[in-house]
Amino acid sequence: MKNMKNITFILMGGLFFGLASCAEKEATVEPTPMDPFAVKTEKMTVKVDTLFTELENPWAMAWLPDGRMLVAERKGEILIFKDDKFTGEKLTGVPEVHAVNQAGLLDIVLHPDYANNGWIYLAYAKNLGKGGALAIMRAKLEGNALTNQEELMVNLPEWEGGRHFGSRIVFDKDNYLYYSNGDKGSRPVNAQELNNAHGKIHRIHDDGRIPEDNPFVNTPGAVKSIWTYGNRNPQGMVYDASNNRLWAVEHGPMGGDELNLIEKGKNYGWPVITYGINYDGKPISDITEKEGMEQPITYWVPSIATGGLELVTSDKYPAWKGNLMVTALAKMHIARIELDGTKYVGEEKLFQDLGRVRQIAESPEGYLYAITDGSGLLVKLIPQEQE
């Protein structure tokens, strides 16, 4: 019995000293310091990793299957990145662009079946002599050269100056191609007239043919590619494949930037209805609603100057999944938009003063990248360990 008591004492003593030792070790563990470039948002902590600082006026990003990333500059250059670093190389064979004001090389997108057909699509302003017109073309890539170029659409009439060209390209689940074109600025009523291509979102086949079920194919004098009209200057567009929805953001004048759900044949009101006013402070319209014209899902007064648009589908951002990301040029942030179906729930301003954020895009690996105008940044948003 005496031996049993000694064993019990030894075991209890060992347990006590063991616990004390563990507690001492735990007490000396230093907490992991916060990454100096990490930002704690409402729902996630995200590191803003600056990858490149020497862009000029970048407008678009695309990823090739081999992992290379393409960044399109408005002036007509396409830079090649590999493993998040600039390779020093650029694509050759890029068509000459009408680089004036907001016009130039505006988007670069791979066909959804790129692995089999090799088509890359560009949206750019083309010089037609007296002015420019938004052109949509496709090409193939041989090494670093764009070859087999095919011009699919030239959006007439040509226009002097370089305001309000849009433009974004997206594909839907059936490989229809949608692209946006601004109203050209100096004549807002373009957006309400079906006999010109301006102030519209268009829909074509991937080879440039006009779909037979487009809403205005049988309307005399109408541009057959029009899908929606009354759109002022949509510079952001994204397709939600899970719900078969097309979203777009467009610049208002002074106030009245809009997020719209884009649906066949609908009129989005510009310039008949608007929540903005002229830059000189005078009203554009005395109404904000009219029968037969769509209301935005949400709008911004004052303007944030909406640029690009992305839908978060990646599991790397679980708290943001299903949210829309809207870039803000004038207000220099990214707006995270929460939705309930197609209804606006609320938003959060992310990364204030990041710069004039032109575009945000999700890579094939599921990371969000953003590019800034003027300050010339390429950044990667890296989610941190959740608390």
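Residues that are of a type outside the set (S, T, N, Q) and closer than 14 Å to Tyr176 by Cβ were ranked within the stretch 225-244; the one that is nearest to the chain's Cα centre (by Cα) is Met237. Of all residue pairs spaced 6 or more apart or on separate chains, those with beta-carbon atoms under 8 Å, a first member in the stretch 291-302 that is assigned to a loop (DSSP other than H, G, I, E, B) and a second member that is open to solvent by 90 Å² or more (accessible area, probe 1.4 Å) and at pLDDT 95 or above are Gln295/Glu289; Ile297/Lys343. Given the structure, is Tyr229 in contact with a helix residue (DSSP H, G or I) (Cβ under 8 Å, 6 or more places away or on another chain), surrounded by 16 or more Cβ atoms within 10 Å (Cβ to Cβ) and aromatic (Phe, Trp, Tyr)? Here the answer is yes, as Tyr229 does meet what is asked.
The strands (runs of 3 or more DSSP E) located wholly in the stretch 120-203 that include 3 or more residues which are closer than 18 Å to Thr306 by Cβ occupy 177-181. Looking at Asn181, is it touching a His at 6+ places or on another chain (Cβ under 8 Å) and touching a residue at least 60 places away in the same chain (Cβ under 8 Å)? Spelling it out, it is not the case that Asn181 is touching a His at 6+ places or on another chain (Cβ under 8 Å) and touching a residue at least 60 places away in the same chain (Cβ under 8 Å). The C-beta contact set for the stretch 364-387 (first residue hydroxyl-bearing (Ser, Thr, Tyr), second residue part of a loop (DSSP other than H, G, I, E, B) and at pLDDT 95 or above, distance under 6 angstrom, 6+ apart or interchain) comprises Thr372/Gly355; Ser375/Gly355.
Do we have Gly276 as within 24 Å of Ile226 (Cα to Cα), without any contact (Cβ under 8 Å) to a residue 60 or more places away in the chain and either small (Gly, Ala, Ser) or surrounded by fewer than 20 Cβ atoms within 10 Å (Cβ to Cβ) (or both) here? Lay out the reasoning, then the answer.
Numbers: within 24 Å of Ile226 (Cα to Cα): no; without any contact (Cβ under 8 Å) to a residue 60 or more places away in the chain: yes; either small (Gly, Ala, Ser) or surrounded by fewer than 20 Cβ atoms within 10 Å (Cβ to Cβ) (or both): yes.
Considered against the rule, which asks whether it is within 24 Å of Ile226 (Cα to Cα), without any contact (Cβ under 8 Å) to a residue 60 or more places away in the chain and either small (Gly, Ala, Ser) or surrounded by fewer than 20 Cβ atoms within 10 Å (Cβ to Cβ) (or both), Gly276 comes out as no.
Take Gly322 and tell me if it is touching a residue at least 24 places away in the same chain (Cβ under 8 Å) and either within 23 Å of Glu365 (Cα to Cα) or among the small types (Gly, Ala, Ser) (or both). No; evaluated as a whole, the condition is false for this residue. Residues in the stretch 241-260 that are surrounded by fewer than 18 Cβ atoms within 10 Å (Cβ to Cβ) and either assigned to a strand (DSSP E or B) or among the charged types (D, E, K, R) (or both): Arg245, Met254.
Which of the strands (runs of 3 or more DSSP E) contained wholly in the stretch 308-387 include at least 1 residues that are open to solvent by 50 Å² or more (accessible area, probe 1.4 Å)?
On the way: elements: 324-328, 333-340, 343-350, 356-362, 368-373, 378-383.
Correct list: 333-340, 343-350, 356-362.
Of note, Leu91 does not satisfy the criterion of being open to solvent by less than 10 Å² (accessible area, probe 1.4 Å), under 21 Å from Ile371 (Cα atoms) and at pLDDT 95 or above.
Ala62 meets each of the listed conditions (1) open to solvent by 20 Å² or more (accessible area, probe 1.4 Å); (2) touching a strand residue (DSSP E or B) at 6+ places or on another chain (Cβ under 9 Å); (3) not hydroxyl-bearing (Ser, Thr, Tyr) apart from (1).
What number of residues within the stretch 36-56 are more than 21 Å from Ala335 (Cβ to Cβ), open to solvent by 50 Å² or more (accessible area, probe 1.4 Å) and in contact (Cβ under 8 Å) with a residue 24 or more places away in the chain?
Kept after step one, since they are more than 21 Å from Ala335 (Cβ to Cβ), are these residues of the stretch 36-56: 36, 51-56.
Still in the list and also open to solvent by 50 Å² or more (accessible area, probe 1.4 Å): 36, 53-54, 56.
Cutting the leftovers down to in contact (Cβ under 8 Å) with a residue 24 or more places away in the chain gives us 53-54, 56.
So the count comes out to 3.
The values are calculated or read from the model by the stated rules, or taken from the named source; none is laboratory data. From a predicted model like this one, the values you see are computed outputs, not experimental measurements. Using ideal geometry, Cβ is built from the backbone for each residue, glycine included, and neighbour counts are taken over all protein chains shown. The protein model used for the area step is the full one, side chains on, heavy atoms only, and it has no ligands, DNA or RNA in it. Shrake-Rupley method; radii C 1.70, N 1.55, O 1.52, S 1.80 Å.
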